[in-house]
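Scroll down for the structure; my scribbles are underneath it.
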Amino acid sequence: MKEAIAMKPVRIAVLPVAGFGTRVLPATKTIPKEMLPVVDQPALQYVVDEAVEAGIEHFVFVTGRQKSAIEDYFDSAYELEDSLQRKGKSDILNAMKAKQPREGSMSFVRQQAAKGLGHAVWCARDIVGNEPFAVLLPDVLVQAKQSCLSQMMDVYHKVGGNVIAVDAVAVDQVSNYGVIKPKAGSDYKNQKLIEMDGMVEKPAFADAPSNLKITGRYILQPELMGLLKDQEAGAGGEIQLTDAMARLMADQTFHALAYDGQDYDCGSKIGYLEAVVAFAMSHPEIGAEAQALLKRMAK
Ligand code: G1P
């Protein structure tokens, strides 16, 4: 019997940002991949904005060596602010300050060894404590009218438990992702909210239980941390978040949400380019110009 869980609000988000960004080297040799610009802000800012729209109040960044630019980015920049003020560039200054997080609303913990996503999330356990929490993988940007995590929160407020975002992918892509197993007999291809029977990390094409990939947005209950503590290495020799979630399913409910929106994998060259183009085309200031430019270039 799965436990009915008292529905506590989700205030904390964990963002694992320790990865090397090997797929976009050498760009990421000295710049954290999360700080690569997408039009006029770092990729990471889009993810933080998504979470803020969903009501997240505290961010835990799981960082590693060479990632201090992230911490500096979210701090105030006194000399820069003073210089903008003196030059009368108050619109730029205000836009920048509007993005500055509340003091004390961000924590930074280190993942000391690259043991996998599950291990990275576990590194945030002391700060997460006994509360449900969100996980957002910053490689993935989601463009949506209502932010992806905010759509998931709406679902969470109805069904509680654990909620993960999923997306249909081409069947030959399934072994690059975590893939969910929808409830037997369910009409999951036509449903937004999907009941689940299981999930598996990077299955072989022949063993994939569906073509629904786990997108990189999660609402999880704190009991997961206890399972991550002794989670054995899985796919790729890494401690996988998916494997611990699959174990938690024995006790708690999981729902998958086929959200409205488009995801971009900024960890790959082409996904990053796609994100830059998509966000440029819908940018309030340069959107129309960017669209005209792309039309010209496509000729
Ligand atoms: C991670 C997760 C995987 C998920 C993917 C989304 O994999 O382990 O379940 O589908 O992110 O991008 P990674 O891309 O780190 O190999």
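Can you give the relative contact order of the stretch 69-157 as a percent, counting alpha carbon pairs under 8 Å and 6+ residues apart? Please report the intermediate quantities before stating the final value.
Working: 20 pairs, mean separation 15.2, N = 89.
Reported as a whole number, the value is 17 percent.
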- Task: Rounded to whole Hz and in sequence order, give me ³J(HN,Hα) for the stretch 167-184 from the Karplus expression 6.51 cos²θ - 1.76 cosθ + 1.60, θ = phi - 60°, writing x for Gly and Pro.
- Result: 8, 6, 10, 4, 4, 6, 9, 4, 6, 8, 9, x, 10, 9, 9, x, 4, 3
- Query: Which of the peptides 77-86, 8-17 is most tightly packed, and how do the rest follow, judged by the mean count of other Cβ atoms within 10 Å per residue?
  - Reply: 8-17, 77-86
- Message: If packing is taken as the average count of other Cβ atoms within 10 Å, what order do 133-141, 59-67, 160-168 fall into, highest mean first?
- Response: 133-141, 160-168, 59-67
- Item | Tilt relative to the chain, helix 287-298 - C-alpha long axis, 0 to 90 degrees, to 10 | 80 degrees
- Note on the structure: Under 5 Å from the placed amide H of V14, counting only residues 5+ away or on other chains, we find V60, A134, V135, L136
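Could you size up the charge dipole of the stretch 219-299 around its Cα centre, putting +1 on the beta carbon of Lys and Arg and -1 on that of Asp and Glu, and report it in debye to the nearest 20? Mind showing how you got there, number by number?
Details: 6 positive and 12 negative charges, 109 e Å.
Charge dipole of the stretch 219-299: 520 debye, to the nearest 20.
What percent do you get for the relative contact order of the chain when only Cα pairs under 8 Å and 6+ apart count? Each step should come with its number before you reach the end.
Values: 531 pairs, mean separation 70.0, N = 299.
Computed over the chain, the figure is 23 percent.
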- Message: Which order do the peptides 97-106, 178-187, 119-128 come out in when sorted by mean C-beta neighbours inside 10 angstrom, highest first?
- Response: 119-128, 178-187, 97-106
- Query: Which of the listed residues, A292, V109, Q143, is farthest toward the dipole's positive end in the chain, when Lys, Arg count +1 and Asp, Glu count -1 at the beta-carbon?
  - Reply: A292
- Message: As I understand it, the dipole of the stretch 78-126 uses +1 on the Cβ of Lys and Arg and -1 on the Cβ of Asp and Glu, about the Cα centre. Which of A120, M96, L80 lies farthest toward its positive end?
- Response: A120
- Task: For the stretch 1-132, calculate the relative contact order in percent as a whole number, restricting contacts to Cα pairs under 8 Å that are 6 or more residues apart.
- Result: 35 percent
- Query: Tell me, what HN-Hα J-couplings in whole Hz come from the Karplus equation 6.51 cos²θ - 1.76 cosθ + 1.60 at θ = phi - 60° for each residue of the stretch 116-124, using x for Gly and Pro?
  - Reply: x, 4, x, 5, 4, 5, 4, 4, 8
- Under a point-charge model restricted to the Cβ atoms of Lys and Arg (+1) and Asp and Glu (-1), what is the dipole moment magnitude of the stretch 1-96 relative to its Cα centre, in debye to the nearest 20? 420 debye
- Note on the structure: The answer for the per residue Cα convex hull volume of the chain, in Å³, is 155 Å³
- Treat each spin label as a single point 7 Å out from the Cα along the C-beta direction, and report the S68 to D230 distance in nm. 3.9 nm
- Quick one: Karplus J couplings for the stretch 9-24, per residue in order, coefficients 6.51, -1.76, 1.60, θ = phi - 60°, nearest Hz, x for Gly and Pro? x, 9, 10, 10, 10, 9, 10, x, 10, 8, x, 7, x, 4, 6, 10
- Which distance in nm do the two modelled labels at M7 and A206 give, with both placed 7 Å along the Cα-to-Cβ direction? 4.4 nm
- Longest principal axis of the chain (C-alpha) makes with the long axis of helix 148-159 (C-alpha) an angle, in degrees to the nearest 10, of 40 degrees
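Using the Cα centre of the stretch 38-137 as the reference point, and only Cβ charges (+1 on K/R, -1 on D/E), how large is the resulting charge dipole? Debye, rounded to the nearest 20. Intermediate results must be reported in sequence, preceding the final value.
Details: 11 positive and 15 negative charges, 70 e Å.
Rounded to the nearest 20 debye, it is 340 debye.
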- Query: Taking amide hydrogens as modeled 1.01 Å from N in the peptide plane, which residues meet the under 5 Å criterion relative to G216, leaving out close sequence neighbours?
  - Reply: A165
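Starting from the Cα gyration tensor of the stretch 232-299, take the square roots of the eigenvalues, sort them a ≥ b ≥ c, and report rounded, prolate or oblate (rounded when a/c is under 1.5, otherwise prolate if a/b is larger than b/c, else oblate).
Details: a/c = 4.91, a/b = 2.43, b/c = 2.03.
Prolate is the answer for the stretch 232-299, as a/c is 1.5 or above and a/b outweighs b/c.
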- Please determine, in degrees from 0 to 90 and to the nearest 10, the orientation of helix 269-281 with respect to the longest principal axis defined by the Cα atoms of the chain, where the helix direction is its Cα long axis. 60 degrees
- Once the dipole of the stretch 1-65 is set up from charges on Cβ (+1 Lys and Arg, -1 Asp and Glu), the residue from the list V60, V10, V47 lying farthest towards its positive end is V60
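Bear in mind these aren't lab numbers, they're just calculated from the coordinates by the rules spelled out. Source: prediction; values computed, not measured. When we count neighbours, we look across all protein chains shown, and the Cβ atoms used for this are built from the backbone with ideal geometry, even at glycine.
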